[in-house]
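Student: Quick one: structure below, then a few questions.
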């Protein structure tokens, strides 16, 4: 007779109602059944002092180790006896293995790829700013604990004018941005939360609903559907969980009520196919990654307005369906599978050993290289962030873009990576050719052709275009090339012999991916664009129209690779490169803009545009030297000064050798001479700032990295930062 053990953290089975059902069904199926907790295990004698159900009562009895163990206790509470549980697992087959929390399941499904397109974009929340960025991108969001259960701790947030409306436990509370931050920041310190866009899955009556797909393995070790049923939230909340007031219905009456006859039939078949396919897929991943099999899942899914399926979450030990006969079905399947597991261990072990991690062909994955006079690093960060919503991505670090860096990257990329995103920098002819010889891309981006390093090309913009064209010549010739339709100098790029596909991006001129309605928000940029015939609004958490161009490259690449608009919107909420349009909020409502990584004329003018657009009061530009302009230096400095004069800037401060030509250009363009200051000594410049800064000033600090203008950022943050 097969002996089934039920492992639980509680010592007394009378406190575990389901233990009766499992004991009775096991006996009915001709199996023995013992209930026990970790403290009852004796590894020396290989016996257990457990509880056996006989004649309507539980009796203490010492029995041999069971043939199979049904793992029924709380993972958190059983963790106190981790060594006992682990030792048992090494000796006896277990049912019900963990597939992890919400975040782990998402990551596993991304890696598995097959169901990645059904995942709702999800991020962990580090602080309240993450919530505000998500709100800008999606307008309606869900915030919930990463390890939450039974619908507890779920917050639905949407905007009502300038107020944030938070729904929890059927009640709406209105907050200002500051009040919302004060509400969430303490919660985020205590627990880990995730955030997702809200999928608007509603009945005809306007009530939120989802489907629970409950699947199990049967006595033949095959996945079967135990139950599929809708769960409907009460009016005034989006939480459908039955423990929180949600209610359920039988599937077919619900489908007939909400869909036409043909739709109802098709929806039922889709749900059945989806539940079994996802269960098999997760089982495959569990075998491949952890050498374990799983046997029961509760899958919560919703439909959007287009009837696309979205996975809300997957639970590895779901509660029983809310109907007695279905509860007994769950118990019967569990007992039948436990008997199968006990008798077929050798076969299951062989099956697990056959599931080896599939090796990826590095030549068949997207290898994306990005070059250009400006925007390389930010474009790379946007592209990587979007691809990471679904893929394991190798991304070059920060500003690593030399050929020596590319050699290091070639050594670090391996078969686990599903996409590669690299930045190819150059200061002289031949450098990008060397990049391509080390790692040849099949997708390339040229962000623009500008004045950076023009002093190394005899002041000829065509020379820079020729050097950047090395990427076009060196990439896979049947690959995909992304170009900026608005950049006039990109017309000099050598595309005539390229045999692949060219895709354009832009704002002002017609392009394959064209943004419109570009606007500043309180913490970034909004823009709209049409993708596959549908209009979408996007948000990026960084200021400046020039960064919208960088985002466009990422949107275009992601759409080409088959990413959904929802994934793209989530990925655009990226980790911003350091010292790139970083905003510091200082004392007295002063704002500091740190853009001190690189500096050339177009980048300086783009930064001035940001200063002009976000400043509520006085606008102060602190500008350092621009390097490698060669004989064009003075002319370009003058051009920047003239641009400053036309942008309603209040004070211009320049630093470094010959940078005073910027101020001279502004004065010649009728800018007030008394509002221009030049310094060769940073300490003197900092002393001057102490004298003149006042409430609500917005200060831009910009300069070439070798000028160390970040010293001024550090000074301002130390002297005026909010402690």
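Just so you know, all these numbers are worked out from the coordinates, no wet-lab data involved. What you see is a predicted model, and the numbers here were worked out from it, not measured in a lab. Here the Cβ positions follow ideal geometry from the backbone for every residue, glycine too, while neighbour counts run over all protein chains shown.
Student: Each label point is 7 Å from the Cα along the Cα-to-Cβ direction; what then is the distance between the points at residue 158 and residue 308, in nm?
Tutor: 1.9
Student: With angles folded into 0 to 90 degrees, how steeply does helix 18-28 sit against the dominant principal axis of the chain? Use alpha carbons for both and round to 10.
Tutor: 50
Student: Still on this structure, I have one more. In the chain, how does Rg compare with the Kirkwood Rh, expressed as the Rg/Rh ratio over alpha carbon atoms?
Tutor: In the chain, Rg relative to Rh is 1.06.
Student: Can you pull a Stokes-Einstein diffusion coefficient for the stretch 72-200 at 20 °C (1.002 mPa s), Rh from Kirkwood over Cα pairs, as a whole number of µm²/s?
Tutor: For these conditions, the coefficient is 127 µm²/s.
Student: How far apart, in nm, are the 7 Å Cα→Cβ label points at residue 256 and residue 477?
Tutor: 6.5
Student: Under the classification rounded if a/c is under 1.5, otherwise prolate if a/b is larger than b/c and oblate if not, where does the stretch 1-158 fall, given a ≥ b ≥ c as square roots of the Cα gyration tensor eigenvalues?
Tutor: prolate
Student: When 1/r is averaged over all different Cα pairs and the result inverted, which Kirkwood radius in Å belongs to the stretch 3-91?
Tutor: 13.0
Student: Let me ask something additional. Which FRET efficiency value, to the nearest 0.05, is calculated for residue 170 and residue 532 with the Förster distance at 60 angstrom and r the Cβ-Cβ distance?
Tutor: Efficiency computed from Cβ-Cβ geometry: 0.95.
Student: Roughly how far apart, in whole Å, are the Cα centres of the stretch 67-144 and the stretch 417-488?
Tutor: The stretch 67-144 and the stretch 417-488 have Cα centres separated by 42 Å.
Student: Could you sort the peptides 442-452, 464-474, 553-563, 689-699 by per-residue average Cβ neighbour count (10 Å cutoff), highest mean leading?
Tutor: Highest mean packing first, the order is 442-452, 553-563, 464-474, 689-699.
Student: For residue 347, project a label point 7 Å along Cα to C-beta. Then give me every residue of the stretch 217-237 with its amide nitrogen under 12 Å of that point.
Tutor: 219-222
Student: Still on this structure: Please figure out what share of the DSSP beta bridges in the chain is antiparallel and state it in percent, rounded to the nearest 5.
Tutor: 60
Student: So what's the angle, to the nearest 10 degrees on a 0 to 90 scale, between helix 324-343 and the longest Cα principal axis of the chain?
Tutor: The angle comes out at about 90 degrees.
Student: So if I take the alpha carbon set of the stretch 146-277, get Rg, then get Rh from the Kirkwood formula, what is the Rg over Rh ratio?
Tutor: Across the stretch 146-277, the Cα-based Rg/Rh ratio is 1.05.
Student: Quick check: Cα centre of the stretch 533-570 to Cα centre of the stretch 607-659, how many Å?
Tutor: If we compute the Cα centre of each part, the gap is 29 Å.
Student: Here's another thing I want to ask about it. Can you give me the orientation-averaged projected area of the convex hull built on the Cα atoms of the stretch 123-197, in nm²?
Tutor: Here the figure is 4.5 nm², rounded to one decimal.
Student: Also, quick follow-up: Spin-label point model (7 Å from Cα, Cβ direction): what's the residue 522 to residue 669 distance in nm?
Tutor: 3.3
Student: Can I ask one more? Volume per residue, Å³, of the convex hull around the alpha-carbon atoms of the stretch 582-720?
Tutor: Spelled out: Cα convex hull of the stretch 582-720, divided by residues, is 91 Å³.
Student: Return, for the Cα atoms of the stretch 603-659, the radius of gyration and Dmax in Å, separated by a comma.
Tutor: For the stretch 603-659, the Cα radius of gyration and maximum Cα-Cα distance read 11.6, 38 Å.
Student: Taking the convex hull of the alpha carbon atoms in the stretch 547-642, what volume per residue do you get, in Å³?
Tutor: Taking the convex hull of the Cα positions in the stretch 547-642, it is 142 Å³ per residue.
Student: Compute the acute angle (0 to 90°) between the alpha-carbon long axis of helix 376-387 and the principal axis of greatest extent of the alpha-carbon atoms of the chain; round to the nearest 10°.
Tutor: That helix lies at roughly 20 degrees to the long axis.
Student: To one decimal place, what Kirkwood hydrodynamic radius in Å is obtained for the stretch 362-571 from all pairs of distinct Cα atoms?
Tutor: Roughly 17.1 Å, rounded to one decimal.
Student: Between residue 54 and residue 466, what length in nm is gained on full extension when 0.36 nm per residue of separation is reduced by their alpha carbon distance?
Tutor: 139.6 nm
Student: Report relative contact order for the chain in percent, whole number only (criteria: Cα-Cα under 8 Å, sequence separation at least 6).
Tutor: 9
Student: Continuing with the same structure: Where in the stretch 38-52 is the amide nitrogen less than 13 Å from a point lying 7 Å along the Cα-to-Cβ axis of residue 83?
Tutor: Within reach of a label on residue 83: 43.
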